């Protein structure tokens, strides 16, 4: 089971943090906690997605990242300073993982507490992209297609919008 | 060569559009054009990254998406309504591609003009994640490591920050 810890959310990053949560859900993680500024709008908008599209993804805010570090899990901090994903992914597959993503100004302690510091490329890009690639590799390039208790569902289509809904 | 067309940028999505551009660059695309509202800050911040980190990624704004559709390229529109990536990626590899990503309210014409409408999962998540996964698949899971004319460069490391700089 994969949990995500998103550090140091700022209000201006509202959409990035929301995209992190939706990406976590869509690629098979079970929950995300974000620290930094609280923002009930993020929680509401992610919970609305879960309510409509199904599954049981959980999102919450926490004040203190130190209490959120899950020492029973393998802690994988995604950072462009870290070791190459391709060199470490085999060790990580199948493990019970907490993925940690910044936020700016990640405290030094995170690098030390993490079991792995992993880079998805060593160029600046996006925590959303990094999270997606990590989860995609972890899942052997499979993207979940089934979410329980959906009210809306899409069937892949060449040109049209095939939407099923139910109550 | 891969070009990205990001449709219908809104000011509130400043960071998402910036992340799209940085993700495009980091995963090997050569340029991104965004339509919708113009925002010189986005262009400046991406150009600052290129200046420091190297390569020759280009970003620009355009008023009218219709003039930006590259009919000589294979046009791949990423949408959660589209066909599964895994069913189409073999056909796409090696082609000269324009990747098109929303923005909200993608016009119907995009679905029709696109040679492929491709989904990276059929759940709501993020254009940043979709773009990253598409480029990662297209590149056979390789992430570019060399960018010419860098002034700053990172060497992957287990726990520390290994940064090289030059003028």
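If a spin label sat at a point 7 angstrom from the Cα of residue A:167 along the line to its beta carbon, the backbone N atoms of the range A:126-158 nearer than 15 Å would be those of A:151-152. Placing a label point 7 Å from Cα along the Cα-to-Cβ axis, residue A:164 is separated from the same position in the other copies by 5.4 nm, shortest listed first. Of all chain B residues, the closest to the B-onto-A rotation axis by Cβ, with that distance in whole Å, is B:128, 2.
Placing a pseudo-label 7 Å from each Cα along the Cα-to-Cβ vector at residue A:71 and residue A:148 gives an inter-label distance of 3.2 nm. Neighbour counting of Cβ atoms within 10 Å sorts the residues A:74, A:35, A:17, fewest neighbours leading, into A:74, A:35, A:17. The helix-only estimate of mean residue ellipticity at 222 nm for chain B, built from DSSP H runs of length n ≥ 4 each weighted as -39500 (n - 2.57), is -10000 deg cm²/dmol after division by the residue total. DSSP bridge analysis restricted to the protein assembly as shown gives an antiparallel fraction near 15%, rounded to the nearest 5. Take residue B:71, push a point 7 Å out from Cα through the beta-carbon direction, and compare it with the same point in every other copy: 6.6 nm, smallest first.
Taking every Cα-Cα distance in the protein assembly as shown and sorting them into 20 Å bins from zero, the calculated P(r) comes out as 32, 61, 6, 0 percent.
Checking the a/c ratio against 1.5 first, then a/b against b/c, what shape does the Cα gyration tensor give for the range B:105-167?
Since a/c reaches 1.5 and a/b is larger than b/c, the shape of the range B:105-167 is classed as prolate.
Angle of helix A:40-53 to the longest C-alpha principal axis of chain A, folded into 0 to 90 degrees and rounded to 10: 50°. Where is the GNM fluctuation largest for chain A (alpha-carbon springs, 10 angstrom cutoff): A:19, A:125, A:61? Looking only at A:19, A:125, A:61, the largest GNM fluctuation is found for A:125.
The modelled label-to-label distance between residue B:12 and residue B:96, using points 7 Å beyond Cα along the C-beta direction, is 3.9 nm. A point 7 Å from Cα along Cα→Cβ stands in for residue B:107, and the other copies hold the same point at 5.1 nm, listed in rising order. Across the range B:1-65, the volume of the C-alpha convex hull divided among the residues equals 68 Å³ per residue. Relative to the longest principal axis of the Cα atoms of chain A, the long axis of helix A:127-138 lies at roughly 80 degrees. Taking the convex hull of the alpha carbon positions in chain A and averaging its projected area over all directions gives 10.5 nm².
The numbers here are math on the coordinates, done by the rules we state, and not lab data. Keep in mind the model is a prediction, meaning the values are calculated, not measured. Note that each Cβ is placed from the backbone with ideal geometry, even for glycine, and that neighbours are counted across all protein chains shown.
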